[in-house]
1. Could you give the size of the charge dipole of the chain about its Cα centre, using +1 on the Cβ of each K and R and -1 on the Cβ of each D and E, expressed in debye and rounded to the nearest 20?
2. Once both axes come from the Cα atoms, what is the angle between helix 14-28 and the longest principal axis of the chain, in degrees from 0 to 90, rounded to 10?
3. Report, please, the projected area of the chain averaged over directions, based on the convex hull of its C-alpha atoms, in nm².
4. Working out 0.36 nm times the residue gap between Ala51 and Phe72, then minus their Cα-Cα distance, what length gain in nm do you get to one decimal?
Amino acid sequence: MGDCKSIVIVGAGGLGREVLATIEASNAAGGEWNVVGFLDSNRNLVGSELAGVRILGDDEWCARNRDDSLRFICAIG
């Protein structure tokens, strides 16, 4: 097994919840993903949680939190 990889899910709607469930299933089967949080264009959601995972902000969050080790997955349907 390798190092745990950090991932941010872009989109906090239905597809975002499905992607989170897939990541959690992967982790249960031996995957090593740390879900940092969700990004969403709806600024009213910032700071709230979806399925226990924090909504970090919108796409501007990326510019303020530059980290080459982060992975992103687009969950906008």
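1. About 80 debye.
2. Around 20 degrees separate the two axes.
3. 5.1
4. Full extension of this stretch gives 5.7 nm more.
Just so you know, all these numbers are worked out from the coordinates, no wet-lab data involved. Keep in mind that this is a model prediction, so the values were computed, not measured. Reconstructed Cβ throughout: ideal geometry from the backbone, glycine too, with neighbour counts over all protein chains shown.
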